[in-house]
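The values are calculated or read from the model by the stated rules, or taken from the named source; none is laboratory data. What you see is a predicted model, and the numbers here were worked out from it, not measured in a lab. A quick note on method: Cβ atoms are made from the backbone with ideal geometry, for glycine too, and the neighbour counts reach across all protein chains shown.
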2 protein chains.
Amino acid sequence: MKAVIIDQINGPIEYKETPTPEPKEGQGIYKVLYSALNHRDLYISQGLYAKIQLPVIPGSDACILDEITGEKYIINPNNNWGTDERAQSPDYHILGMPTQGTLADYICIDKSKIFPKPAHLSDAEAAALPLAGLTAYRALCTRAQAQKGEKVLISGIGGGVALFAMQFAIALGCEVYVTSSSQEKINNAKELGAKNGFLYTDENWHKTCIANKLAFDVIIDSAGGNGFNQLIAVAAPGGRIAIYGGTRGKVDGISPQIIFWKQLSILGSTMGSDKDFKNMVDFVNEHKIKPLIQHQFNIANAQEAFELMNKGHQFGKIVISHS
Amino acid sequence: MKAVIIDQINGPIEYKETPTPEPKEGQGIYKVLYSALNHRDLYISQGLYAKIQLPVIPGSDACILDEITGEKYIINPNNNWGTDERAQSPDYHILGMPTQGTLADYICIDKSKIFPKPAHLSDAEAAALPLAGLTAYRALCTRAQAQKGEKVLISGIGGGVALFAMQFAIALGCEVYVTSSSQEKINNAKELGAKNGFLYTDENWHKTCIANKLAFDVIIDSAGGNGFNQLIAVAAPGGRIAIYGGTRGKVDGISPQIIFWKQLSILGSTMGSDKDFKNMVDFVNEHKIKPLIQHQFNIANAQEAFELMNKGHQFGKIVISHS
């Protein structure tokens, strides 16, 4: 078969011949119809991820086909979460390193990890769902426990997880707001059902919220950095701030007084458990949520897909067609 | 009657004549047998609390007597928590400012706020319980949800809340550790059932924990400051850090990556709801927990009690006898 192989940091990302995998006990072999990129794949290619093992076939997301039965599936990308819903075990890893990922013609997967493709989704949309949907679901629903009628703020709208968090919160019946450095992205979010948005490049954006008595019950953030203090400032009493990334680095100047007086909860969240995955798929089926696709590339042009993600202007998932 | 009256910031704290209060509808009038100090009272006297209104009779804790029936009670110090268990309402206030507090011969209290004095406690011990017990219970049980068998770290042992948190965690069947700047306080905590303690004045104390693979499921902190990063470092995956104070000020250099990868929860907590108070009293009765008293003063010498608290060498509650 052929697959996208990363065999050196910052090296070329090529689609080339490699041995077809053979299923182990409990596994099936599936043809990959579509896959999708996550920042994780980009970070691995750049040497910016923990415990990188090369060479690797990246990719955590796919829509796959059982060529014998004709059934299509998506994959729970979790391995070895463990028995504690609160946190993953030390043996936890995500599909796509160290095991073979989805940017390949074929993949062998434990039959316990496959879920029927949601009927309302195209193959490309289904491929866009798993890892970002899981991460968003755990942050918004399991950790922050967003409820109908609550005000939810999603920071840095545009990435896969942020968009799913926005779509899930709208489906829950929350009043959803976003931040971005781009007015265009804010406008896009409003077209998708967000109530309003704030340019975080305006350093006083949070003061506008405070002046308008707009406070958020739930905030979903993947930036960190000193802007995190603005999120704390606009959190409502009893507010929950789920944080699933830290692209802007460490946070200085956090006030314990504001955290305890407002009874805030700052909740770290990454990926999600097998239970979170099942709940997420059920939620997507129930609410007929459709992943947003920004761009689609053929797997022969995977390098271009990585380059687009690296530009950081994302609004929706980058999907890879395998035919 | 006579009462302790604060009528100027950093002024003398005098026990002097003032009109006896008259009960409003729904209230009873009670003789105060014992009261107890909280840092809140000290901060009010020093002008270091929010929304100070002078003159005030301070005090949030008491053991009181119904002189007609001979029954003794403790007081739920909450007023107007509101209907949201997650956070207090904007109208919330604590007994002892702006309303009259417990450092007086008599006090009028809503009958819905009084609870029978726990039978296993002396009058002085009962007076030491309410506000610190409530604050510790909410932080440890309601917010951090400490469970039997978990490892719990209480930072800065010695203050009323920290000691209750330690006693409650031991009663829950947790394995309890403490930090302090004083080896004597650590030794005292170990005599009371803590498994071990760490001098936080040793800037590498947390490395000892990490080297020994000692990680904490629950951490209860009232300091904040940059030492908070050491608490994050010794938190176990899925760990909950409840923070009910910030005596060491703002926190710099918090890493989002550690928070999300370990799936930590940083949980602000202050005082507690009426439900928390009821649950706390039930817990204290069930486990026959006895508040620790450091020193007892007569109300005529209240100034000395404030001075002792100001020295910061506390290990247990400072109780005021009213006879």
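Overview of values
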| quantity | calculated |
| --- | --- |
| Selection status of residue A:280, touching a residue at least 12 places away in the same chain (Cβ under 8 Å), buried (at least 24 other Cβ atoms within 10 Å of the Cβ) and either assigned by TED's automatic domain parsing to the domain that holds residue A:88 or not in a strand (DSSP E or B) (or both) | yes |
| Residue match in region B:223-235 (condition: within 22 Å of residue B:159 (Cβ to Cβ) and of a type in the set (Phe, Trp, Tyr)) | yes |
| Criterion: touching a residue at least 12 places away in the same chain (Cβ under 8 Å), touching a strand residue (DSSP E or B) at 6+ places or on another chain (Cβ under 7 Å) and within 14 Å of chain A (Cβ to nearest Cβ) - qualifying residue of B:149, B:246, B:156, B:160 | B:156 |
| Strands (runs of 3 or more DSSP E) fully within region A:161-228 counting 1 or more residues that are in contact with a helix residue (DSSP H, G or I) (Cβ under 8 Å, 6 or more places away or on another chain) and surrounded by fewer than 16 Cβ atoms within 10 Å (Cβ to Cβ) | A:196-199 |
| Residues of region A:229-245 satisfying the condition of being part of a helix (DSSP H, G or I) and farther than 20 Å from residue B:86 by Cβ | A:229, A:230 |
| Of the criteria (1) outside the structural domain of residue A:104 (by TED's automatic domain parsing); (2) over 22 Å from residue A:183 (Cα atoms); (3) buried (at least 18 other Cβ atoms within 10 Å of the Cβ), which one residue A:285 fails | (3) |
| Subset of region B:25-52 (residues that are aromatic (Phe, Trp, Tyr), closer than 24 Å to residue B:300 by Cα and within 20 Å of the chain's Cα centre (by Cα)) | B:34, B:43 |
| Residue match in region A:106-123 (condition: surrounded by 19 or more Cβ atoms within 10 Å (Cβ to Cβ) and among the polar types (S, T, N, Q)) | no |
| Every pair of residues 6+ apart whose Cβ atoms lie under 6 Å, when the first sits in region A:291-308 and is part of a strand (DSSP E or B) and surrounded by fewer than 17 Cβ atoms within 10 Å (Cβ to Cβ) while the second is modelled with pLDDT of 95 or more and among the polar types (S, T, N, Q) | A:296/A:321; A:298/A:321 |
| Filtered residue count, region B:213-226, keeping only those that are at pLDDT 95 or above and either of a type in the set (Ser, Thr, Tyr) or over 20 Å from residue B:140 (Cα atoms) (or both) | 3 |
| Residues that are crowded, with 21+ Cβ neighbours inside 10 Å and not in a loop (DSSP other than H, G, I, E, B), drawn from region A:246-275 | A:251, A:254, A:256, A:259, A:260, A:265, A:266, A:267, A:268 |
| Members of region A:210-221 found to be without any contact (Cβ under 8 Å) to a residue 60 or more places away in the chain and farther than 10 Å from residue A:234 by Cα, listed by number | A:211, A:212 |
| Hits in region A:23-49 (condition: among the hydroxyl-bearing types (Ser, Thr, Tyr) and surrounded by fewer than 18 Cβ atoms within 10 Å (Cβ to Cβ)) | A:43, A:49 |
| Where a residue in region B:28-47 is closer than 10 Å to residue B:96 by Cβ and its partner, wherever it lies, is part of a strand (DSSP E or B) and of a type in the set (Lys, Arg), with Cβ under 6 Å and at least six apart | none |
| Residue match in region B:309-319 (condition: in the same structural domain as residue B:39 (by TED's automatic domain parsing), surrounded by fewer than 16 Cβ atoms within 10 Å (Cβ to Cβ) and touching a residue at least 24 places away in the same chain (Cβ under 8 Å)) | yes |
| Residue under evaluation residue A:219, criteria (1) within 15 Å of the chain's Cα centre (by Cα); (2) within 14 Å of chain B (Cβ to nearest Cβ); (3) hydrophobic (A, V, I, L, M, F, W, C), criterion not met | (1) |
| Enumeration of residues in region A:263-317 that are farther than 22 Å from residue A:95 by Cα, hydrophobic (A, V, I, L, M, F, W, C) and within 14 Å of chain B (Cβ to nearest Cβ) | A:264, A:266, A:267 |
| Residue count for region A:140-162, restricted to those that are out of contact with any Asp or Glu (no Cβ under 7 Å at 6 or more places or on another chain) and under 20 Å from residue A:314 (Cα atoms) | 9 |
| Count of region A:1-16 residues which are more than 15 Å from residue A:101 (Cα to Cα) and free of Cβ contacts under 8 Å to residues at least 40 places away in the same chain | 2 |
| Condition broken by residue B:239, with the remaining ones in (1) under 29 Å from residue B:310 (Cα atoms); (2) buried (at least 24 other Cβ atoms within 10 Å of the Cβ) satisfied | (1) |
| Candidates B:236, B:211 - the one that is over 24 Å from the mean Cα position of the chain (by Cα) and within 14 Å of chain A (Cβ to nearest Cβ) | B:236 |
| Test: residue in region B:66-77 that is surrounded by fewer than 12 Cβ atoms within 10 Å (Cβ to Cβ), more than 17 Å from residue B:111 (Cβ to Cβ) and assigned by TED's automatic domain parsing to the domain that holds residue B:304 | no |
| Members of region B:188-209 that are free of Cβ contacts under 8 Å to residues at least 24 places away in the same chain and either aliphatic (A, V, I, L, M) or within 20 Å of residue B:225 (Cβ to Cβ) (or both) | B:198, B:199, B:201, B:202, B:203, B:204, B:207, B:208 |
